[in-house]
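As structure tokens, the structure follows; a few thoughts come after it.
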Amino acid sequence: MVNKVLIATNLTKKYKDRIAVDNVSFDVYEGEIVGLLGPNGAGKSTIIKMITGLSKITSGDVKICGVSIKSNFEKAIRNVGAIIETPTLYGYMSGKQNLRYYANLYKGIPKSRIEEVAELVGLKDRIKDKVKTYSLGMKQRLGIAQALLHNPKILILDEPTNGLDPNGILEMRIFLKNLAKKEKTAILVSSHILSEMEALCNTVAIIDHGKLKQMRSVKNLSSDLNVKSKIAIKVNYPNFAGKLIANKFGYKVDVAGQNVVCEMLEKDIPKVTSYLISMKIPIFGITAVSKSLEQMFLDVVNGNDN
Ligand SMILES: Nc1ncnc2c1ncn2[C@@H]1O[C@H](COP(=O)(O)OP(=O)(O)O)[C@@H](O)[C@H]1O
Ligand SMILES: [Mg+2]
């Protein structure tokens, strides 16, 4: 059975009369990577701060491994590893010395755990070098290693790829996926970049104006929204073919170069192509023109999702 590591129920945050987070509920399972996706100011950081005790919950609750952070914060937070802002690292010390320093702040972390986390975040080879020689991505990963020292059940990261170059983003993604898969660590991350969330997460929670607009598994993120499919059909006489399609099926068509471009129900695609062939119009290619991810995201946020 897969366990729920985190249950957020009706989380709400009010600043005076302004609602920053409005009745947000979601779960995170063991080994699952959940992404909070939304534009700047949507409320992602506030959700994360409430979960980690950095911001007082106005109403609602969070349970971590079955323990409410309201009634037993100490016990609940023991299962959490988090980086909210940039981690505090000492540049003049080596990665290992930094980890040792933090390990000493907790009780009962065996020495072997330092080696373990260094390996987990892929810093084993550089762990004896001074942190000031690290790239930003390496510093981020050392911060995560630090957050993992006490073996938390859930890792919470607010915009972990901010400021990273594409290579750093890729390394971070590989490492987080590995962590979820091998250690069964649940991961909650936030980002305002849809493509990044799509590549990293199992589940994406779309947050806008403090509300949870939609929670969906990433597999479905592109397919679910495309009940209709936009396709480009390459033909010799696109204007003529376009008119035939418009007249016969009532679809609105555009012409782009040699292509007739048309958004149609997927079940109509074979009918349309058969019809063109029956009208002696040879087809040289059919391609799906996918809605851009950004457009899809905007559709969900603006309620045009169909
Ligand atoms: N300390 C604060 N006081 C008042 N308003 C705040 C405070 N922190 C955040 N907010 C407001 O709450 C909303 C959500 O902010 P935030 O959670 O930082 O969004 P995100 O992380 O998605 O960019 C924003 O409108 C922001 O201005
Ligand atoms: Mg934020």
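The values are calculated or read from the model by the stated rules, or taken from the named source; none is laboratory data. Predicted, not measured: the structure shown is a model, and the values here were computed from it. A quick note on method: Cβ atoms are made from the backbone with ideal geometry, for glycine too, and the neighbour counts reach across all protein chains shown.
Details
- Annotation note: of Ser68, Ser55, the sole residue that is within 16 Å of ligand 1 (Cβ to nearest atom) and either free of Cβ contacts under 8 Å to residues at least 60 places away in the same chain or touching a Phe, Trp or Tyr at 6+ places or on another chain (Cβ under 7 Å) (or both) is Ser55.
- For the condition more than 19 Å from Arg141 (Cβ to Cβ) and within 16 Å of ligand 2 (Cβ to nearest atom), Leu105 does not qualify.
- Test for Arg18: is it free of Cβ contacts under 8 Å to residues at least 60 places away in the same chain and within 14 Å of ligand 1 (Cβ to nearest atom): yes
- When Met50 is tested against (1) surrounded by fewer than 20 Cβ atoms within 10 Å (Cβ to Cβ); (2) out of contact with any Asp or Glu (no Cβ under 9 Å at 6 or more places or on another chain), exactly one condition is not met: (1).
- Candidates are the residues of the stretch 21-47 that are among the hydroxyl-bearing types (Ser, Thr, Tyr) and away from ligand 1 (no atom under 11 Å from the Cβ); the one that is surrounded by the most Cβ atoms within 10 Å (Cβ to Cβ) is Tyr29.
- A single member of Gly163, Gly168 is touching a helix residue (DSSP H, G or I) at 6+ places or on another chain (Cβ under 8 Å), at pLDDT below 90 and within 16 Å of ligand 1 (Cβ to nearest atom), and it is Gly163.
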